Amino acid sequence: MQRLCGFNFGNWLSQAEFTPERVSFYTERDLKYMADLGFNFLRLPVDYFFFEVEPYKYDEARLCIIDRAIYWASKYDITVLLDMHHLPGYGVGRRDYSLWTDREKQRRAEAIWRYLTRRYREYGDELAFDVINEPDGVTNENLLSFYERMIAAIRDEDEDRIIYVEGNDFGRIPITVKEKRVVYSFHQYEPMWVTHLGASWAGEGIYHLGLMGAQPDYPGAPDLSEVAKLYPNDWILRYHKKYADRSYLESVMAAWFKLQEQGETVHCSEFGVYAKMAKRSTALNWYEDMLSLLKQRNVGWALWNLRGPFGVISTGRED
């Protein structure tokens with residue numbers, strides 16, 4: 001399978017209030033820009049409530065926006081991964097895990113995927129489906145059962161569609177299925193003190209660390225003593241004085257690289273650095289190590305995002 005590398009179009013049809021001006025947050029020009037630079041992959045995160053008016057009823061005008069994005073990508077020979085970033089009963093940050101046990105919400109999720117599969121049946125391998133973004137709060141067994149149900153529904157409508165299966169624990173732990181034409185997808189933001197420095201939504205400790213005068217260097221081992229005084233139980237303290245470098249990143253991704261060695265197709269569908277407070281040298285060093293490791297293993301990738309503080313356009317930095 002061709003190595004696919006590109007960007008996410010996050011915070012557009014997902015995780016953002018869709019106001020009239022939001023329609024043009026991403027345009028055809030962005031796809032042309034990607035193609036001109038040699039990129040061939042777009043991950044398109046979409047929340048189900050972007051187009052679901054009520055259970056089993058969908059907004060055609062909203063769906064046409066998705067149609068248009070897929071068409072733009074195909075025009076420039078860019079493969080699209082249509083990602084359900086939220087489904088009924090689950091979405092990162094929503095504190096709702098009922099999808100894994102609620103039969104009605106699973107029926108709604110299945111109906112959504114059946115509908116989308118029928119709608120886009122005309123597309124070939126230039127379109128793939130990402131069943132659910134960053135599953136968490138579920139056992140491996142129950143997640144596998146959920147994947148099997150969604151895959152069966154998709155394959156019932158289109159037996160050849162390529163399907164991406166994300167790992168458990170926010171895309172960290174591989175979950176394998178007995179299916180062909182499946183890509184195993186992981187997300188890689190370790191160490192978080194590099195990738196989420198100063199991100200207010202990620203916790204008080206890492207936000208405070210970003211406000212401190214001297215941000216940690218990568219490669220390196222952060223001294224979090226000052227953070228510990230203010231937030232003695234914060235999760236960020238697990239990184240205190242623990243050295244992170246290229247070897248550390250390789251160990252984090254080892255299980256996924258092993259899958260690749262076993263003949264499976266693996267893709268890093270999210271990674272990136274929140275650029276507003278990170279040292280430029282730290283971010284560049286981290287990117288250099290990540291990209292070299294993925295290239296060495298022939299693993300494709302998608303940066304989170306093209307635009308915004310995690311991206312390469314409109315990052316919010318003056319430099």
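The values are calculated or read from the model by the stated rules, or taken from the named source; none is laboratory data. No experiment lies behind these values; they were computed from the predicted model shown. Here the Cβ positions follow ideal geometry from the backbone for every residue, glycine too, while neighbour counts run over all protein chains shown.
Scanning segment 118-142 for residues that are among the β-branched types (Val, Ile, Thr) and within 17 Å of residue 183 (Cα to Cα) gives 131, 132.
Test residue 83 against the stated conditions and say whether it is within 20 Å of the chain's Cα centre (by Cα) and either among the charged types (D, E, K, R) or closer than 22 Å to residue 201 by Cα (or both). It would help to see each step written out before you state the result.
Numbers: within 20 Å of the chain's Cα centre (by Cα): yes; either among the charged types (D, E, K, R) or closer than 22 Å to residue 201 by Cα (or both): yes.
The answer is yes for residue 83.
Restricting attention to segment 279-319, which residues are over 21 Å from residue 267 (Cα atoms) and among the hydroxyl-bearing types (Ser, Thr, Tyr)? Once the filter is applied, which keeps residues that are over 21 Å from residue 267 (Cα atoms) and among the hydroxyl-bearing types (Ser, Thr, Tyr), segment 279-319 yields 281, 282, 314, 315. Residue check: residue 302 meets all listed conditions (1) out of contact with any Cys (no Cβ under 9 Å at 6 or more places or on another chain); (2) in contact (Cβ under 8 Å) with a residue 40 or more places away in the chain; (3) of a type outside the set (S, T, N, Q) but one, namely (1).
Per this entry, residue 36 is not counted among residues that are among the charged types (D, E, K, R) and surrounded by 14 or more Cβ atoms within 10 Å (Cβ to Cβ). When each of 22, 29, 43 is tested for being at pLDDT 95 or above, among the basic types (Lys, Arg) and either assigned to a helix (DSSP H, G or I) or touching a helix residue (DSSP H, G or I) at 6+ places or on another chain (Cβ under 9 Å) (or both), the lone residue that passes is 29.
Please tell me if residue 67 is over 24 Å from residue 265 (Cα atoms) and in contact with a strand residue (DSSP E or B) (Cβ under 6 Å, 6 or more places away or on another chain). Talk me through it step by step, then tell me what you get.
On the way: over 24 Å from residue 265 (Cα atoms): yes; in contact with a strand residue (DSSP E or B) (Cβ under 6 Å, 6 or more places away or on another chain): no.
Taking the combined requirement at face value, the residue does not satisfy it.
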